[in-house]
1. Which ones in the range 101-114 are more than 26 Å from the chain's Cα centre (by Cα) and either farther than 17 Å from V83 by Cα or of a type in the set (S, T, Y) (or both)?
2. Being closer than 25 Å to W555 by Cβ, modelled with pLDDT of 95 or more, of a type in the set (G, A, S) and more than 21 Å from the chain's Cα centre (by Cα) narrows it down to one of S293, S280, so name that one.
3. Looking at the structure I just gave you, is E369 over 28 Å from Q550 (Cβ atoms), without any contact (Cβ under 8 Å) to a residue 12 or more places away in the chain, among the charged types (D, E, K, R) and outside the structural domain of N239 (by TED's automatic domain parsing)?
4. Can you pull out the residues in the range 570-613 that are part of a strand (DSSP E or B) and either polar (S, T, N, Q) or more than 19 Å from V523 (Cβ to Cβ) (or both)?
5. Pick out the one residue from F147, F161 that is within 25 Å of the chain's Cα centre (by Cα), assigned by TED's automatic domain parsing to the domain that holds I267 and touching a residue at least 40 places away in the same chain (Cβ under 8 Å).
6. Whether any residue in the range 553-563 is crowded, with 16+ Cβ neighbours inside 10 Å, charged (D, E, K, R), part of a loop (DSSP other than H, G, I, E, B) and in contact with a Gly (Cβ under 8 Å, 6 or more places away or on another chain) is what I want to check.
7. Which of the residues that make up the range 448-473 are buried (at least 23 other Cβ atoms within 10 Å of the Cβ), in contact (Cβ under 8 Å) with a residue 60 or more places away in the chain and either of a type in the set (V, I, T) or in contact with an Asp or Glu (Cβ under 9 Å, 6 or more places away or on another chain) (or both)?
8. Hey, which of the strands (runs of 3 or more DSSP E) in the range 233-287, taking only ones fully inside, have at least 1 residues that are loosely packed, with under 12 Cβ neighbours inside 10 Å?
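The values are calculated or read from the model by the stated rules, or taken from the named source; none is laboratory data. This is a predicted model, so every value here is computed, not measured. Ideal geometry is used to build each Cβ from the backbone, glycine not excepted, and the neighbour counts take in all protein chains shown.
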Amino acid sequence: MHNKVLSVLFLLAFSGLTVAKEYSVTSPDKKILVNIDTSGKHLRYSVSIEKNLVIENAQADISLSHAESLSTASVVSVDKKYVDSTITPYIKQKTATITEHYHQLTLHFDNGTSVEFRVFDEGVAYRFITNKHGKFTVDNEVVKVNFVDDHLVQYPLEKSFYSHNERTYQPLKLKKINNKQMASLPLLVDTQEYKLVFTESGLRNYPGLWVRGTSQTALEGIHPKRVLSSALKPGSDRNEVINKRANDIATMNTDSPTTFPWRIFAISKNDAELLTNQLSYLLADELEIDDPSWIKPGKVAWDWWNANNVYGVDFKAGINTDTYKYYIDFASKYGIEYIILDEGWYELGDALKIVDTIDLQEIIKYGREKGVDVILWVIWETIEEDLDHILATYQQWGAKGIKVDFMQRDDQHMVNYYWRVAEVAAKHQLLVNFHGSYKPAGLRRAYPNVITREGVRGLEHNKWAEYITAEHNLTLPFIRMVAGPMDYTPGAMVNTQPENFHVSFNRPMSKTTRVHQMALYVVFESPLQMLADSPSNYLKEHESTAFISQVPTVWDETVILSAKIADHIVMARRSGEEWFLAALGNSKAANHTIDLDFLSEGEYQMEFFQDGVNADKYASDYKKKYQSVNQHSSLSIHLAPSGGWVARISKKQSKH
């Protein structure tokens, strides 16, 4: 590991010098400059990229216990730090190692508050720290980002703070967004010359950050206030009504300094750079599990999307032991590590009361014999009050993970709930997949057993809507995936072009080609990746399934060959000595040339799937081929409308 840290402390208050009002810090490559001004009501900062001003006089402040903000505070010392290190994440995702290279400027104020700015070559982040001890409240945090022009924003418009954050991105100009139009994070601001993805990390014991418009060229941060009273909606076992909120956003009780979340601007000059941006991970809390060696990424055969529609069997399909044994047989055949028992395996309201049609011990035992483990779905509120006992019981039963669903909030209490689930699940060696959740915001680094989460408008929406298009699939990686893993649940084997698509809740389909669905397994990041369709469909489509089952869920290296938001992605990922190469297209047919110069020396065998000649009409049409290639090879590929292309490239064994 390469690790270089230099720190310089200037104690201005005791030096006899006049304390400065303006400060600056640059990225290591000097292309990004942040100027900070402490002379006004709030701390203000500006961001320039390659000498082009992008953010001007943005405001940042934090108010503690009704009185303490930066409006009357003065800087008493300044701390500067330079870091150049290499991080090895326990659960790798984009790459086996991550370079952490930044300049940091910390301003310490006389009210006990500090603000840290970190500037990477890939973006800018800042956070507040307070030395205040004991009990206090956070009344508000000022986050106002002023852009220099009326830029286009990919805006995940929300209706309220009570949300599962599964949105499409609305292309809106800044001045068209008013203060009634709120959005969850992440979002993307397009200056034409640069792309900025705004998100957060290090979110802990604090509410999530949202934004709203100002009808000007600015976005203003807002937070859900603390929930004082809530109740289930009449007739619902999962959806809440928030009856009363506090006036503050958080309460603290601490005997040590408190760090608040990082506000992140991931910056890229071209769309492709966003696909490899790692700031969300780098700014997260460090590993808190002593021995994470039991955490195993992999794939999951999922029951809910396909409504347990298995066929060609001699038992009645449904939520029963025979059906889940069938899932296990399928998973075992293709080396799939897990199956999930989604809604229906327990009596709602009691997460330890198994329904009569399920013999869970038999299912887990049968899976263990076949090399397949079991993950259990639960509603968050059902396990909240007795969390340790319930998860200890799941561990005793032999389950290997939980899928926790329907939180739909990110106020302080709910954020703390996520951390508590992560900690207790780690104690009982259980993976966690959060659904009905907010975006990733740092928990996965501290607790890598939180291996994936939803907070994304995924394939499940095809069961009731028509908006999961190829363009949508080509937007998510540039925005939502910058925040972290997304459990989109790909893998539809019934494929249609948009004109043939229809909504079917129990027999759903994709609005893309077959190969587009296959390529999603390379492009979309989730260390726990679902196979959403019926095992019967996968068994019927053996060639496609055999390929999907070979695609890793974590990677040693990622190379972006070409990418443009909502248009296309051409990406190569390496696992060990094998490369997987994928192309995704939008609803228009397209041709691409791919140079294989990312390969090392030697000869390779390439197995690849391309859209069939009739995929423009019959989207399930595909062609499988083989080709010998090397690092000097160049490929010409054709994508049908809403199409894809995907390959596995393996080094040929030398003959002796």
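1. Initial filter on the range 101-114 (more than 26 Å from the chain's Cα centre (by Cα)): 105-114.
If the condition is that a residue be more than 26 Å from the chain's Cα centre (by Cα) and either farther than 17 Å from V83 by Cα or of a type in the set (S, T, Y) (or both), then T106, L107, H108, F109, D110, N111, G112, T113, S114 are the ones that fit.
2. From the options S293, S280, the qualifying one is S293.
3. Details: over 28 Å from Q550 (Cβ atoms): no; without any contact (Cβ under 8 Å) to a residue 12 or more places away in the chain: yes; among the charged types (D, E, K, R): yes; outside the structural domain of N239 (by TED's automatic domain parsing): yes.
Answer is no for this residue.
4. The answer is S575, N591, T593, Y604, Q605, Q610.
5. Of the residues listed, the single one that is within 25 Å of the chain's Cα centre (by Cα), assigned by TED's automatic domain parsing to the domain that holds I267 and touching a residue at least 40 places away in the same chain (Cβ under 8 Å) is F161.
6. yes
7. Matches in the range 448-473: I451, T452, E454, G455, V456, R457, G458.
8. In the range 233-287, 240-245, 250-254 are the strands (runs of 3 or more DSSP E) which contain 1 or more residues that are loosely packed, with under 12 Cβ neighbours inside 10 Å.
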